[in-house]
Each structure stands twice: as C-alpha cells, then as structure tokens.
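S.K.: Before anything else, here's the structure in question.
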Amino acid sequence: MAAHLSYGRVNLNVLREAMRKELREFLDKCAGTKAIVWDEYLTGPFGLIAQYSLLKEHEVEKMFTLKAGRLPAADVKNVIFFVRPRLELMDIIAENVLSEDRLRCPRDLHILFVPRRSLLCEQRLKDQGVLGSFVYREEYGLDLIPFDGDLLSMESETSFKECYLENDQTSLYHAAKGLMTLQALYGTIPQIIGKGECARHVTNMMMRMKREFTGSQNSILPVFDTLLLLDRNVDLLTPLATQLTYEGLIDEVYGIQNTHVKLPPEKFAPKKQGEGGKELPTEPKKLQLNSAEELYAEIRDKNFNAVGPVLSKKAKVISAAFEERHHAKTVGEIKQFVSQLPHMQAARTSLANHTSIAELIKIITTSEAFRDNLTVEQEFMPGIDTDKVNNYIEDCIAQKDPLIKILRLVCLQSVCNSGLKQKVLDYYKREILQTYGYENLLTLNNLEKAGLLKSQGNSRNNYPTIRKTLRLWVDEVNEQNPNDISYVYSGYAPLSVRLAQLLARPGWRSIEEVLKLLPGPHFEERQPLHVGLLKKRQQGENKVTLVFFLGGVTYAEIAALRFLSQMEDGGTEYVIATTKLMNGTSWIKSLMDKPEAPAF
C-alpha cells in the first residue's frame, strides 16, 4: 500500500491496486521466467504503479530498454515488450524479433500495448512479417495514474499538440476511458460540468460508453459529487507565467518527472571532518517528491518566499528534539527516545535535502535574469504595455537568450492582449527568425495554430474584461499567510482555478457573459443515480469535485486548488486529474519542431 495515496477523501490506493491486479494477471498468463523490454517513456509511469519487487514476484528476471539491433541474451522462457502504440517503435520491435535465433534459444514473445492496442501498429508488424511471432498481443489500460492523494495524470506528453494542432482525439478517448474506470471504482459522478470543445468531446464519449454498458448498473455509492472538465485553451495564460510556489519552481528549474527530480550533486555531498579534498559526486541526486514526506507536504504549495521561515522553524524543532537525549534519565525515557529516533533522523535528512533545494532555487530567483523576466511577466498580466514591442524582449533576442524564454514571453504578451497588433507580431517573428534561424518558422506556425501567438485583427481586446470580472490580478498579495489563490503567482490568480472556485460558489450563472468570451461551449450534464445511491450530506461535510484539465496542468494550479480545498468555509474539496503535468517550458517544447534548452 502507498499510504500517501489514501490520506484524502478519495482513497486513490483503490485505483492503484486495481491496476496492479491487472498487471499481475497478465504476467501470470505468460507462464515461466520473463524478461521485459521497456519503451523507455513508460518506466517512470509504471514505477508509480509497481516497483521491481512486484515484477520479481511474478518471475520477471531481466529488464531491458527497447533499442534497435539484437535483443540482449537472457535465459528466460518469455520476452514481453511493454510499449506505447507508436509506429516507429514497431519498426524497432520488428528488428529485435527478426534478429532472434529461434532455433538455438526459442523464447515466447509477447507484446503489451499501453494504454491501447492499435490496428495500425499491428498492421506495421504484419508488414514486417513478425506479427505471428507473438503469443499474446494485449493492452494495458494505464490511463489515469495516481501521483498523490489528490492527483492523477495520464502523462500523455503530446496530448495538447494532438488535440489543438492535429485534431487527433486519441488522448481524449483515453481520458474518457480513464473516467469510466474511475466511476467503476468510485461510483457514477452525478454532475458533469465542462468548458471547451475537448471537454464536450470527452463528455460525449463517456455518455456513449455508458450507453454501451447499459446492462451493468453501478451500485457503488458515489465518492465524487461533480466532474469539472476544463480545456487547456480556455486558459492559455497560466502555464506561460513563471510558477512561484516551491514545487512549481522546482519543476520550472529542474523538471519533475513522475514525482522524481534530478538535482546537481555537489549540494548533497556528505560533509565529514577532515575530508575536504574528497572528490564530489558526479551523478545527479535523485529525490522522490510527494506527500509521503511530511515536510514536503507542508511546504510544496507555499509561495517560495514563505518557505525559508518554515525551514528555519523546523530546524529549531528538530535540534530541540535531539537535545532531549541529554534529559533522558530513566530506562523508560531512554527507550522512548530510541523509539522516536528513526522518525527524527528521517526528519533531519528531509530538512537537509529541502534546505539544499531551497538554496539552489534561491540562486536562480535572486539572479538578475530571473527578476527582470518576472517583472515583465507581472507588467503583462495586469495589462500594462501589452500592445507594443517590449524593450526587454527585444534585448533578450539581441543577446540570443534561450528561444523558449523568448517564446514564453511573446506568447504571454499576445494572450494578455487578446492577440498582438499585426506590426508588433510581424516584428517579433522577423527578429526571432533572423536571430534563431528560419527553421523555427514551423514552431511559430504551431504557436499560432494553438492560439498562443496571434494577430488581434479587427477584434477587440477582451482580456481586460475577463481580468476584471474574474479578479485575475490582485495588487495586495499576502505570500506568507495567503487569503486568495493569487499567491501562487504573486499577484495573478490562475484563470482555470478561478473558474473552479466560482463554480462552487456562487455558480457560473454569475459569470455567464465572461464564459462566452472564453473559447468553446460551456455545458452541464446530469447522470441519473439509482435511488439508493443518492447521498445525504452530513452537516459540515464538504462536496468533492474532480477537476480534469484536458491538455495539461501546472503545479501552481494544483497548489491553488489545494488552497481552496483547505479553506475552512470553502465547502468543496478538489481532486485533480490531467492529461499531463507540465510547465511553460515543457509545454512550448511540445509545440516546437526542434526543442532546445530550458528558459533558466
């Protein structure tokens, strides 16, 4: 059991266990010893479901990464390919299979498609003459993966590009499938509310799937009261801005992958007396970040400026706890101190790690480049000087700063002005292409298609109306003891989260006019429940809303929703689901034709 998945109102261990059971059943089907050949992208998500110990229990003896050429030698009865349904991967698998010496060492071959089987992929294997070599060709529906007690992600890295550029609804189908699985485990969600074209598609797919399963009546008491589906393109602004929460900044600077982060090793080298000349480690320090770690759960959603005081307070508490050993006189007191020692040592290690991370991030946040960048962002978001060429952006292009940094700022300016004046847009495009190369024309095209970069044309700038009605900019922000979600960006309240907040209270009817200014339809559907499943809410019991971001979500938005969940008079607790956990850099990268270095 992963304890951190069961702390909230919704026990996400139930979902994890269902996934583990399905995996065990497939492994047991392939009787005998096994080697798994991994599509490298899947190892991270699978690590959140099953550690190596589970695979070992089911006779998995070897694991390899999928790559061209011959399969490595392994004295096993079965070789199982765990892969995403991608045509380029099928070619590598075909090469692996054709190089197998079937006479000298016959091994049973199997393929497990994650999350769905694909006819196109099977056809490609058939064309290569290897389809008949597989004993089992199955699928494993790894749709929504539990990342934390209130967080699920599909980790579909191309979902935004597919939905908004290529008109490919595959990831929406997987989202609908994932929601059907959730409802099978946690009960039918009675109310579905959505905003955006993709939200509409997912709802329609779910309704169709439900009609196809008419025979089975869901008899589980519903855990969720409401499902809120939000298209990412309803709020293009939020991911472009620099996140200012502790977890958000770790992601901005180092990138969090499947709850793990890799950090520069020199900050984490053990300091021992008399070993000054000892060589520093060269391997990055890899840490897991989730709420299983008490200190991280406390500080991750705080504004970075509020993290330092918490760490120094914790240091004093831990130091005082260790001092207690001098006061332990009786055998009973000594015994009690010893029993607390493992927890205290873990707390001390945790504190040392997060102090090191905070120091690393502080070097970035106090740098001139970071501060100048943030100043410009915080001028654009309240709508200052968004209609003309920005001097800072000009200077950054002249100094050939990382292209992603430039694109984030130009897109932010465009979104905060409902599009740029044609001459401003042309100027930026010309400067970018002349400085960074004409091969970036395709990237600029992609950004225009996605609505991130556009000409205002003759339409009016609706952003000021949206900003004022939804209170997206708050001048007086209390970063230490926040009273509004705007603390996550030190002034800007994420539009997506403001929509969730207003839906809970007083309801979307109050903002009907603004909703019409945002892309895509807004709608409500009801899923009828069996009479015996209608919930009577206890006094003071909060509603539970599942907010599903189609196209990706940032850690700052997650922090803002957690803040709303913890408000005493909030009345609603939120669970967050998404197609992908992302930040502005990874988002722009997914839309670039030739990705390059991160912004900071």
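The values are calculated or read from the model by the stated rules, or taken from the named source; none is laboratory data. Note that the structure is a prediction, hence the values are computed from the model and not measured. Here Cβ is always computed from backbone atoms with ideal geometry, including for glycine, and neighbour counts include all displayed protein chains. Note: accessible area is taken over every heavy atom of the protein model, side chains too, but ligands, DNA and RNA are not part of it. Shrake-Rupley method; radii C 1.70, N 1.55, O 1.52, S 1.80 Å.
S.K.: What figure in square angstrom, to the nearest 10, would you give for the accessible area of R208 with a 1.4 Å probe?
M.R.: Per-residue accessible area (R208): approximately 120 Å².
S.K.: Now for a separate question. Would you give the gap between the C-alpha center of segment 474-494 and the C-alpha center of segment 65-81, rounded to a whole Å?
M.R.: Using only Cα atoms to place each centre, the spacing works out to 53 Å.
S.K.: Moving on. Would you list which lysines come within 21 Å of K388, measuring only between C-alpha atoms, while excluding same-chain residues fewer than 8 positions from it?
M.R.: In chain and number order, the partners are K400, K405, K421, K423, K429, K454.
S.K.: Tell me which lysines have Cα within less than 22 Å of K34's Cα, excluding those fewer than 8 residues away on the same chain?
M.R.: K21, K56, K62, K67, K77
S.K.: Related question: So how much slack lies between L374 and L87, counting 0.36 nm per residue of separation and subtracting their Cα-Cα distance, in nm?
M.R.: Working: separation 287, 0.36 × 287 = 103.32 nm, distance 4.15 nm.
Using 0.36 nm per residue and subtracting the Cα-Cα distance, I get 99.2 nm.
S.K.: Among 388-397, 499-508, 308-317, 244-253, how do they line up by average Cβ neighbours within 10 Å per residue, starting with the highest?
M.R.: In decreasing order of mean packing, 388-397, 499-508, 308-317, 244-253 become 244-253, 499-508, 388-397, 308-317.
S.K.: Sticking to Cα atoms, compute the Rg of segment 3-142 to one decimal and its Dmax as the biggest Cα-Cα distance, whole number, in Å.
M.R.: 15.7, 56
S.K.: List the lysines whose alpha-carbon lies under 22 Å from that of K285, not counting same-chain residues fewer than 8 positions away?
M.R.: K262, K267, K271, K272, K362
S.K.: Here's something else I'd like to know. Using only helices, what value at 222 nm comes out for the chain when you add -39,500 (n - 2.57) per DSSP H run of length 4 or more and divide by the total residues, to the nearest 500 deg cm²/dmol?
M.R.: -13500 deg cm²/dmol
S.K.: Just subtract the alpha-carbon distance of V135 and E283 from 0.36 nm times their residue separation and send over the number in nm, one decimal. Mind dumping the intermediate values first?
M.R.: Values: separation 148, 0.36 × 148 = 53.28 nm, distance 4.03 nm.
So the chain would gain 49.2 nm between V135 and E283.
S.K.: Taking R0 as 30 Å, what's the FRET efficiency between E524 and D569 from their Cβ-Cβ distance, rounded to 0.05?
M.R.: FRET efficiency, E524 to D569: 0.75.
S.K.: Within segment 398-421, list the residues whose amide N lies under 15 Å from a label point set 7 Å along Cα→Cβ of S455.
M.R.: 419-421
S.K.: For segment 419-428, what does the Karplus curve 6.51 cos²θ - 1.76 cosθ + 1.60, with θ = phi - 60°, yield as ³J(HN,Hα) per residue in whole Hz, taken in order and with x for Gly and Pro?
M.R.: Using θ = phi - 60°, the values come out as x, 9, 4, 3, 5, 5, 4, 4, 4, 4 Hz.
S.K.: Right, another one. When Rg is the radius of gyration of the Cα atoms in the chain and Rh is its Kirkwood radius, what does Rg/Rh come to?
M.R.: Result for the chain is an Rg/Rh of 0.98.
S.K.: Here is a further query. So what is the relative contact order of the chain, in percent, for Cα pairs below 8 Å that sit 6 or more residues apart?
M.R.: Values: 926 pairs, mean separation 107.8, N = 600.
Averaging sequence separation for qualifying contacts and normalising by length gives 18 percent for the chain.
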